[in-house]
Amino acid sequence: MTLSGVSTVQQGFIRSDFPNDAFSEAVIVTFDSELVSLEQLIDVHLRTHASTSKHSFREKYRSAIYTFDDDQRRHCETYLQKLQQQFEQPLITSVMNYVDFQSSDEKYRNYYYRDQDRPFCRTYIEPKMLVLRKYFSSLLRNP
């Protein structure tokens, strides 16, 4: 299952400017804005991870949107403020500058699709897939 308009998703580790210059798990999404908007991708991102939780693993798993220029940054910040009203708890998702990216090892890529019955997949990934199917079915396409 993939989102319409998304051509690639690179899994790996990303860093931003100080004080967020340590690498954190992330993906880089390449998409066609004629088919899926940045706003739709942000909405999917916020609803498929703990975007309001300040859990103990936040350094390794930041809740962030990384941008490539100032216009994109302002646009994302404005949209996050708009979406805040749809969440009961404050969003902790930050908008950060992209600085560097390192791809993850091949053995970790497409983890879910290689064996969906693994406990990690059933516990953490499948609930996210259910959110996608329930709230974003109009954006989904089969691979």
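The values are calculated or read from the model by the stated rules, or taken from the named source; none is laboratory data. As the structure is a computational prediction, the values presented were derived from the model and not from experiment. Here Cβ is always computed from backbone atoms with ideal geometry, including for glycine, and neighbour counts include all displayed protein chains.
A few points about this structure:
- Residue count, the range 61-101 (criterion: of a type in the set (A, V, I, L, M) and under 16 Å from S16 (Cα atoms)): 5
- Residue check, L3 in contact with a helix residue (DSSP H, G or I) (Cβ under 9 Å, 6 or more places away or on another chain), crowded, with 17+ Cβ neighbours inside 10 Å and within 14 Å of S94 (Cβ to Cβ): no
- The range 79-109 - residue that is assigned to a helix (DSSP H, G or I) and of a type in the set (S, T, N, Q) and, of those, surrounded by the most Cβ atoms within 10 Å (Cβ to Cβ): Q84
- Residue-level analysis places F18 outside the set of residues that are of a type outside the set (D, E, K, R) and touching a strand residue (DSSP E or B) at 6+ places or on another chain (Cβ under 7 Å).
- Among the residues of the range 1-26, those that are in a loop (DSSP other than H, G, I, E, B) and of a type in the set (A, V, I, L, M) comprise M1, A22.
- When residues of the range 27-60 are limited to those that are assigned to a strand (DSSP E or B) and without any contact (Cβ under 8 Å) to a residue 24 or more places away in the chain, the one farthest from D17 (Cα to Cα): V29
So that you can scan it fast, the table gives a plain yes or no per residue for (1) at positive phi; (2) at pLDDT below 95; (3) of a type outside the set (V, I, T):
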{"residue": "H45", "(1), (2), (3)": "no, yes, yes"}
{"residue": "H49", "(1), (2), (3)": "no, yes, yes"}
{"residue": "H55", "(1), (2), (3)": "no, yes, yes"}
{"residue": "K60", "(1), (2), (3)": "no, yes, yes"}
{"residue": "T67", "(1), (2), (3)": "no, no, no"}
{"residue": "D70", "(1), (2), (3)": "no, no, yes"}
{"residue": "R73", "(1), (2), (3)": "no, no, yes"}
{"residue": "T78", "(1), (2), (3)": "no, no, no"}
{"residue": "K82", "(1), (2), (3)": "no, no, yes"}
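- Residue match in the range 61-78 (condition: without any contact (Cβ under 8 Å) to a residue 40 or more places away in the chain, more than 22 Å from K128 (Cβ to Cβ) and assigned to a strand (DSSP E or B)): yes
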